[in-house]
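Colleague: First the structure, which I've put down as structure tokens, then a few questions once you've had a look.
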Number of protein chains: 2
Amino acid sequence: MITGTVTVRSGTRARVERAMQELDFVPNLNARGLRNGRSGMIGVALPDLGTDFSASISHALLEAAHRRGLAVQVEETAAEPQREYDLVSRARTHLVDGLVLNPVRLDDSVVGRMEHLPPIVLIGEVEQHRTDRVFVNSRAATRTVTSHLIAQGARRIVALGSMSNDAGADTATVDQRLRGYLDALEAAGLPASQELQAPVPQWTIEGGAAGASLLLERGTQFDAVVAFTDTLAVGVLHALREAGIRVPEDVLVTGFDDVEHARFSSPPLTTVHFSHQEYAEAALDLLTSRIEDRTLPPRAVEIPHSLAVRESSGAAPVRGASDARGARK
Amino acid sequence: MITGTVTVRSGTRARVERAMQELDFVPNLNARGLRNGRSGMIGVALPDLGTDFSASISHALLEAAHRRGLAVQVEETAAEPQREYDLVSRARTHLVDGLVLNPVRLDDSVVGRMEHLPPIVLIGEVEQHRTDRVFVNSRAATRTVTSHLIAQGARRIVALGSMSNDAGADTATVDQRLRGYLDALEAAGLPASQELQAPVPQWTIEGGAAGASLLLERGTQFDAVVAFTDTLAVGVLHALREAGIRVPEDVLVTGFDDVEHARFSSPPLTTVHFSHQEYAEAALDLLTSRIEDRTLPPRAVEIPHSLAVRESSGAAPVRGASDARGARK
DNA sequence: CTGAAAGCGCTTACAG
DNA sequence: CTGAAAGCGCTTACAG
């Protein structure tokens, strides 16, 4: 009746609805969920909301979920990989109908070993095919951005972002981006060097700054840095500035993700652009269809990416027009 | 039995637990919630997760909630003030036991008109005393940061952050920060001018940049900008840089919140520091105690703040030590 | 000490 | 067309 599925005389309906108003009645969703076997809530698990990409994606996911009438439970996983497991099992307690998961580490990830998987969509670079997933072709994108730097004249290019310890980064992502970087070097006939593959302690601004500082302390010579995320790139810009190294005059820098800060950093950051909103929509489309029909075969959706060229890679600073490419609606 | 409250022979308990393992049993939280009248989940409502402060606070709240064994449902409210109302009423559907709300607009806010309030903690500057709340003394803090600029030699100081339309900013916050700014001008015997109170279209980086650009277009003369948030300040830095205006040589800039980007912007940003973690802990302490006992009188917790002085306000750039003050654990 | 039963608030299939 | 009853999966007070 409350859901409007039963046919009642309109007068009766009106009287009941007035009574509901007067008594300030609200339906108990626990009871409804128990009865229906659905909660109308999904879970979202991201490494660290304090990081730009996680924040932007969670914003996009919240909007997309809201549009579909879904509530969202959010969890962070960076602190302990165990939390990915907890979240997946919680899905099976019926408090969430499904889960969007950005795995921190693939090997330790739940997905490989869970027997009875709840509806789940993995976002990001993940090397498994048992669940639905949404991804950007990180390898091709990183190759593109690295080739761009080579075209700009860079010859000793640092790839920054592999993890010195394994707290916080999706190793599959690192792997793909590193491959793309190496692809570009090889295509240009440039030598790869271990010295130019710079680790970071964590995927945060501070981590990016620490990685760049370490390079400088070691006296490594380089003329460009391909940072694996925009957040890392912001840290790199900071460390270079502290050291009196100019970007792009002395060193070129690029990022990945095209978060809002990329357009507004100093200098604005050349980066890999893709629509976070589109990413979120694709994830929720997959998830809702999976919730409806669990027998569907696993699907993978690739989100297109492009290169957003800005001043940090030595592009001419086009005043007033420099944001056109990376503009988000 | 599952919760461990009943006394059973240890042998029996072991056998049952093994059976649970084998059958891969997970408790149905909907059923438990229905029975107990508690879901173990709280709601968190913030204006926009894509904004630095919201992202940082939600990160802190998620960690604090996780430590207390609480799940968190997150909602954004900036897009439509109506959502604040929806969330408060949803709390009463028993899917969340309580709510942490960072209200966008006080006047339209739910709190004033809701008859039966669920357990709720308001965070931020709010001019009402019917609910528990956590806040920073924005007025005193903004007075401090403005006085600091005056001490640095600034005379025509812009206060940037009031809303040209009312999408996205807590008007009470704007009000408090504007008062603090005026307090400082008055204390220094400087004239206040409407021309120096710069509106922004929204509380985002882009909004801050737009506000600063408008000032420049109008030809307003100024030697410092007190931005009402760090996010706005980042936009201001960008707009000034695009216009070829140097910070701090030509204009001083300050922010509010001390988000991670403040330490890493170019130049690093002088801002009002306070512990986001402490803020989150206080909010959850208030909320959990309120959930336990709804008859408690409304309480207000003030989080201490301090001035984090960095290069953007003309402080000497102390290489390597410039982050000491604003360092977060 | 242990087991059976009641009831949380819904929704839906069923009887009247 | 309408109303009463069953049952979702738990927890706890109660009877045995």
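Colleague: Report those strands (runs of 3 or more DSSP E) wholly inside the range A:193-282 carrying at least 3 residues which are under 22 Å from the mean Cα position of the chain (by Cα) and small (G, A, S).
Modeller: Strands (runs of 3 or more DSSP E) meeting the threshold: none at all.
Colleague: Next question. Right, B:V272: within 10 Å of chain A (Cβ to nearest Cβ), in contact (Cβ under 8 Å) with a residue 24 or more places away in the chain, of a type outside the set (D, E, K, R) and open to solvent by less than 10 Å² (accessible area, probe 1.4 Å) or not?
Modeller: When the stated conditions are applied, B:V272 does not pass them.
Colleague: I'm trying to understand the selection: among the residues of the range B:203-226, which are without any contact (Cβ under 8 Å) to a residue 60 or more places away in the chain and within 14 Å of chain A (Cβ to nearest Cβ)?
Modeller: Passing the criteria: B:I205, B:E206, B:G207, B:G208, B:A209, B:A210, B:G211, B:A212, B:S213, B:L216, B:E217.
The rows are residues; the columns are (1) in contact with a Lys or Arg (Cβ under 7 Å, 6 or more places away or on another chain); (2) open to solvent by 40 Å² or more (accessible area, probe 1.4 Å); (3) among the hydroxyl-bearing types (S, T, Y); (4) within 25 Å of A:V259 (Cβ to Cβ).
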| position | (1), (2), (3), (4) |
| --- | --- |
| B:T144 | no, yes, yes, no |
| B:Q152 | no, yes, no, no |
| B:I157 | no, no, no, no |
| B:Q176 | yes, no, no, no |
| B:D183 | yes, no, no, no |
| B:A192 | no, yes, no, no |
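Colleague: Next question. Which condition number in (1) open to solvent by 10 Å² or more (accessible area, probe 1.4 Å); (2) out of contact with any strand residue (DSSP E or B) (no Cβ under 9 Å at 6 or more places or on another chain) is the one that A:A60 fails?
Modeller: In the conditions (1) open to solvent by 10 Å² or more (accessible area, probe 1.4 Å); (2) out of contact with any strand residue (DSSP E or B) (no Cβ under 9 Å at 6 or more places or on another chain), A:A60 misses (1) alone.
Colleague: Spot the failing condition for B:V247; the list is (1) closer than 28 Å to B:R139 by Cβ; (2) out of contact with any Pro (no Cβ under 9 Å at 6 or more places or on another chain), and only one is missed.
Modeller: Every condition holds for B:V247 apart from (2).
Colleague: Same structure again: Check the range A:79-91 and report whether any residue there is within 16 Å of DNA strand D (Cβ to nearest atom), at pLDDT below 90 and either touching a Leu at 6+ places or on another chain (Cβ under 9 Å) or not in a helix (DSSP H, G or I) (or both).
Modeller: Yes - at least one qualifying residue is present in the range A:79-91.
Colleague: I'd like to verify a number: residues in the range B:39-62 that are more than 7 Å from chain A (Cβ to nearest Cβ), without any contact (Cβ under 8 Å) to a residue 60 or more places away in the chain and in a loop (DSSP other than H, G, I, E, B), how many?
Modeller: Qualifying residue count for the region: 1.
Colleague: Being hydroxyl-bearing (S, T, Y) and under 29 Å from B:W203 (Cα atoms) is the filter here; which residues of the range B:27-62 pass it?
Modeller: Correct list: B:T51, B:S54, B:S56, B:S58.
Colleague: Looking only at the range B:74-99, how many residues end up being more than 9 Å from every other protein chain (Cβ to nearest Cβ), open to solvent by 10 Å² or more (accessible area, probe 1.4 Å) and under 17 Å from the mean Cα position of the chain (by Cα)?
Modeller: Number satisfying all stated conditions: 2.
Colleague: Additional query: Only one of (1) closer than 17 Å to A:S265 by Cα; (2) of a type in the set (A, V, I, L, M); (3) open to solvent by 50 Å² or more (accessible area, probe 1.4 Å) is not met by A:A187, so which one is it?
Modeller: The number of the failed condition is (1).
Colleague: Return yes when B:D48 is modelled with pLDDT of 95 or more, outside the structural domain of B:D230 (by TED's automatic domain parsing) and acidic (D, E) and no when it is not.
Modeller: So B:D48 does not fit the description; no.
Colleague: Moving on to the next point. Cβ contacts < 9 Å: first residue touching a residue at least 40 places away in the same chain (Cβ under 8 Å), restricted to the range A:237-249; second residue open to solvent by 60 Å² or more (accessible area, probe 1.4 Å), any location; separation 6+ or different chain. Result?
Modeller: Close Cβ pairs (under 9 Å, with a partner that is open to solvent by 60 Å² or more (accessible area, probe 1.4 Å)) amount to A:V247/A:R241; A:P248/A:Q152.
Colleague: Is it the case, given these coordinates, that A:L296 is over 17 Å from the mean Cα position of the chain (by Cα), farther than 23 Å from B:D230 by Cα and surrounded by 24 or more Cβ atoms within 10 Å (Cβ to Cβ)?
Modeller: no
Colleague: Select from the range B:118-139 the residues that are among the small types (G, A, S) and in contact (Cβ under 8 Å) with a residue 60 or more places away in the chain and list them in ascending order.
Modeller: B:S138, the sole residue that qualifies.
The values are calculated or read from the model by the stated rules, or taken from the named source; none is laboratory data. Remember, predicted model here, so these are calculated numbers, not experimental data. Positions of Cβ are backbone-derived with ideal geometry, glycine not excepted, and every protein chain shown enters the neighbour counts. The area values use the complete protein model at the heavy-atom level, side chains included, leaving out ligands, DNA and RNA. Shrake-Rupley method; radii C 1.70, N 1.55, O 1.52, S 1.80 Å.
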